[in-house]
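K.L.:
My questions will all concern the structure given below.
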Amino acid sequence: MPRSTRRGCWRARGRCWSTGSTSRRWSTPSSTDPGRALRRAEDPDGLRAAWAALETAWAGAVARAEGMPPGTVDVSVAGEWSFAQTLRHLVMATDTWLRRAVLELDEPYHPIGQPNVEYALDGHDPAVFHETDPGWERVLQVRAERVAMVRDHLATVTTDDLQVPRRNPWAPAYPESTLSCLRTILEEEWEHLRFAQRDLDVIDART
């Protein structure tokens, strides 16, 4: 698989800091993208609405990718992650910010997760991500499980829960809240959806 140059993200002092050396950066969201404004939700109802909008948007992107020529989900554009690898990275993002930061699980990561290229360089052990070439159905299965985890967590989260302090998984010196962790998941989802849609446009134009 090609090495991805997509930027990872960790939150500190209310900002989203990226890692890596690519020219691609987190951008100001377009007001024309349905649901994107909800990523800054402040309360449980807003977060639930934001996640529902994301689920709808990603379902459309998956359906589009599956309707394109066979193998589209594994095509890399300009050395970037393929569609399938993007979904695997979002599995890792959920595991980092929900399972590790919020739920504080000892073993939060699923082996199909797609880490950033800087993960090992930053001193982390990539051996946990040992399922490096899962099939598309496997990717969809695990992705669906992680999407459901976020949905289930948001279904019961309270306003008080959102203020509970958490450890930033990448920068422990900077405290987070449950709310900021959940917002990071939303930002990761929207940014990578934008990249994935753009890459599908490129692939579509070639066929």
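K.L.:
I'd like to know if segment 47-65 contains one or more residues that are of a type in the set (Asp, Glu) and closer than 19 Å to Asn168 by Cβ.
P.N.:
No, there is no match, as no residue in segment 47-65 is of a type in the set (Asp, Glu) and closer than 19 Å to Asn168 by Cβ.
K.L.:
Which residues, taken from segment 53-92, are in a helix (DSSP H, G or I), open to solvent by less than 50 Å² (accessible area, probe 1.4 Å) and over 21 Å from Gly135 (Cβ atoms)?
P.N.:
Of everything in segment 53-92, those that are in a helix (DSSP H, G or I), open to solvent by less than 50 Å² (accessible area, probe 1.4 Å) and over 21 Å from Gly135 (Cβ atoms) turn out to be Ala53, Leu54, Ala57, Gly60.
K.L.:
What is the one condition in (1) in contact with a strand residue (DSSP E or B) (Cβ under 9 Å, 6 or more places away or on another chain); (2) surrounded by 19 or more Cβ atoms within 10 Å (Cβ to Cβ) that Leu200 does not satisfy?
P.N.:
(1)
K.L.:
Suppose the filter is touching a Lys or Arg at 6+ places or on another chain (Cβ under 6 Å) and either under 21 Å from Val164 (Cα atoms) or not small (Gly, Ala, Ser) (or both); does Val128 pass it?
P.N.:
When the stated conditions are applied, Val128 does not pass them.
K.L.:
Can you tell me which residue in segment 158-194 is surrounded by the most Cβ atoms within 10 Å (Cβ to Cβ), limited to those that are touching a Ser or Thr at 6+ places or on another chain (Cβ under 7 Å) and at pLDDT 95 or above?
P.N.:
Out of the qualifying residues, it is Ile185.
Conditions tested, residue by residue: (1) surrounded by fewer than 15 Cβ atoms within 10 Å (Cβ to Cβ); (2) over 24 Å from Arg48 (Cα atoms).
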| position | (1), (2) |
| --- | --- |
| Glu131 | yes, yes |
| Arg138 | yes, yes |
| Arg143 | no, no |
| Arg151 | yes, no |
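K.L.:
For segment 34-52, give me the residue count where each residue is within 17 Å of Gln163 (Cα to Cα) and open to solvent by 60 Å² or more (accessible area, probe 1.4 Å).
P.N.:
Count: 5.
K.L.:
Given (1) of a type in the set (A, V, I, L, M, F, W, C); (2) under 16 Å from Leu193 (Cβ atoms); (3) under 13 Å from the mean Cα position of the chain (by Cα), where does Leu98 come up short, assuming only one miss?
P.N.:
So the condition that Leu98 fails would be (2).
K.L.:
Out of all the residues in segment 103-116, which are out of contact with any Asp or Glu (no Cβ under 8 Å at 6 or more places or on another chain) and buried (at least 16 other Cβ atoms within 10 Å of the Cβ)?
P.N.:
If the condition is that a residue be out of contact with any Asp or Glu (no Cβ under 8 Å at 6 or more places or on another chain) and buried (at least 16 other Cβ atoms within 10 Å of the Cβ), then Gln114, Pro115, Asn116 are the ones that fit.
The values are calculated or read from the model by the stated rules, or taken from the named source; none is laboratory data. This is a predicted model, so every value here is computed, not measured. Every residue, glycine as well, gets a Cβ built from its backbone with ideal geometry; the counts of neighbours run over all protein chains shown. The area values use the complete protein model at the heavy-atom level, side chains included, leaving out ligands, DNA and RNA. Shrake-Rupley method; radii C 1.70, N 1.55, O 1.52, S 1.80 Å.
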